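To start, the structure under review is shown below, and the notes come after it.
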Amino acid sequence: MNGHDVVSAKEIVLSDSEAVARHAADFLLEEALRATDVFRIALSGGSTPKRLYAMMAQPDYATRFPWTRTQFFFGDDRFVPADSPDSNRGMLQKILFSQVDVPPENIHPMPDQGDPDAAARAYETVLKAQYGAATLRKDKPLFDVVLLGLGENGHTASLFPRQPVLQEKTRWVAACTPDDAPHTRLTLTYPAIASSRYVLFLVTGAAKAAVCARVRKGDPAEPASHITSEGRIEWIVDKDAAA
Ligand code: 6PG
């Protein structure tokens, strides 16, 4: 297997969350520089990626990163205004986008107003325009890199346990209202995430060790276990989460 699912995926265990963020920042920089054309990233919320985004805003990365030919999408976001502390869009704007020379038109936040289902369809339209087609092709990934975290209840992006979005086979984006976490959210679906060259799971902290072990074994009860990629999946974890 070539790392297409969470079990066959390569695992890299690092000392702590700082090292995980550094590894991811180096990976993104290298991949973005290697790409000859447009580079597309789907960003995640969560605490570990926050360190990554802060790192990318440091001169070391910010002066070398090809901001003008990178397109930034969101893997999920809460359906709240950007000035809410729970908004991934707001977090990214503050920590990364306002700090670097990224053209505003390269940032594609998820809509946060009106009807969530209509908003999900609107975001799907944005993705389809970027992709240049209305159906996904196995040999043409939608994203170069999809960043994902892992919740203690096994969710990733906003693919939450027991929610209809887990059955979604055709739509690229859907709304999800978890029964065990606040806020309705918009999220990429399994098929949209699968249309990727790389999926990186960033997982840190002892609280994630048990769920991480279950997902790494492919426990079907965990939503994250069903993530696949046409490309490669990598687990970048700290030693506490790997324990
Ligand atoms: C978000 C996410 C979500 C997150 C996990 C892990 O917006 O919160 O995209 O899927 O990655 O909940 O979050 P932590 O890294 O904060 O534990």
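No value in this document is a laboratory result; all are computed from the given coordinates. None of these values were measured; they are calculated from a predicted model. Quick reminder, even Gly has a Cβ in these numbers, built from the backbone with ideal geometry, and neighbours come from all protein chains shown.
Across every direction, the projection of the convex hull enclosing the Cα atoms of the chain has a mean area of 11.9 nm². Seen from Leu136, the other residues with C-beta closer than 14 Å to its C-beta sum to a net charge of +4, counting Lys and Arg as +1 and Asp and Glu as -1.
Across the cross-link table entries Lys10/Lys138; Lys217/Lys239; Lys10/Lys239; Lys10/Lys169, which are compared at the Cα atoms, the separations over 19 Å belong to Lys10/Lys138; Lys10/Lys169.
The local environment of His183, defined by Cβ-Cβ distances under 14 Å, has a net charge of -3 under the rule Lys, Arg +1 and Asp, Glu -1. Using just its DSSP H runs of length 4 or more, each adding -39500 (n - 2.57), the chain gives a mean residue ellipticity at 222 nm of -8500 deg cm²/dmol after division by all residues.
Taking the Cα centre of the chain as origin and charging only Cβ (+1 Lys, Arg; -1 Asp, Glu), how large is the dipole, in debye to the nearest 20? Walk me through the intermediate numbers first.
On the way: 27 positive and 31 negative charges, 96 e Å.
The calculated dipole for the chain is roughly 460 debye.
Shape class of segment 97-150 from the alpha-carbon gyration tensor: oblate, with a/c at 1.5 or above and b/c at least as large as a/b. Among beta bridges identified by DSSP and lying wholly in the chain, the antiparallel ones come to about 30 percent. The H on the amide N of Val199, modeled in the peptide plane, is under 5 Å from the matching H of Val146, Arg232, Ile233, Glu234, each at least 5 residues off or on a different chain.
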